[in-house]
Amino acid sequence: VLVISDSDLSVSKSADLARQKLQLEGDEAQLAAQIAELQTELDNQYDRFLAAVAERLTSLKSHYQEYASEFLGIPCHLVAENQADRLLELIAFVPEFNGITRPTPDSCSEAQRFFLDIAFRMALIDLAAKASGTPATFICETPENALDVSYVANVVEMFKKFVARKHVLLFTANLQEGGLAQLMMAIVPQNQRPERVLDLLQVGQLTEVHQKALPRLRAIVKKVRG
């Protein structure tokens, strides 16, 4: 063991050590100030992140409530629900109408599931389009058989509002007398209708059933195009 007493240190060495100590203390204070500054900036960024998330959630819920309520014809909104069965603590948003939350598909009818699903998709598209500053495209398969006449007209009105926001709507529809396709085409200028329709009777693979009904199907297509 090497023991150095104060008497072994020269005055100059003591002065050097004192200066080094002061320098290290100054460096420590400077680093502590930098850490505090970075911590403050990190806290500010996190607060801005939380505020942005809250703003987007509020906007999403507002758009969803608008679409879902108008589709269903009754007030509908999203409510927060804890997901206790997950590894992480997560909050899910589930639709609620008529005073009842609808956490599973079985808690809604087939038509209601369709409305709630496309309402959420359209709300997300609105939110994404607003964030990016560009329009978006919504691809939808329409279940006409699950809707009565009044709700078919209601869907058309909602699609019209969606398209009016400069979005693109691409949907498939079965050929039916007075169905959704005919009502949707009625809002398209007549000179634009041929280029807005992909006629699967011409480019699709027709079954024997289609072949037998071809004259009637073509007549319906003609009505749809106006």
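The values are calculated or read from the model by the stated rules, or taken from the named source; none is laboratory data. Quick caveat, the model's predicted, so the values are computed rather than measured. As a convention, Cβ positions derive from the backbone with ideal geometry for all residues, glycine included, and neighbour counts pool all protein chains shown.
In the range 111-133, is there at least one residue being more than 18 Å from the chain's Cα centre (by Cα) and not basic (Lys, Arg)? Yes: the range 111-133 contains one or more residues that are more than 18 Å from the chain's Cα centre (by Cα) and not basic (Lys, Arg). Filtering the range 135-186 down to residues that are assigned to a strand (DSSP E or B) and of a type outside the set (Phe, Trp, Tyr), which residue is surrounded by the most Cβ atoms within 10 Å (Cβ to Cβ)? Per the criteria, the residue is CYS140. When you check LEU38 against the structure, is it touching a strand residue (DSSP E or B) at 6+ places or on another chain (Cβ under 8 Å) and free of Cβ contacts under 8 Å to residues at least 12 places away in the same chain, yes or no? Taking the combined requirement at face value, the residue does not satisfy it. Yes or no: the range 132-149 includes at least one residue that is at pLDDT 80 or above and in contact with a Pro (Cβ under 7 Å, 6 or more places away or on another chain). For the range 132-149, residues at pLDDT 80 or above and in contact with a Pro (Cβ under 7 Å, 6 or more places away or on another chain): absent.
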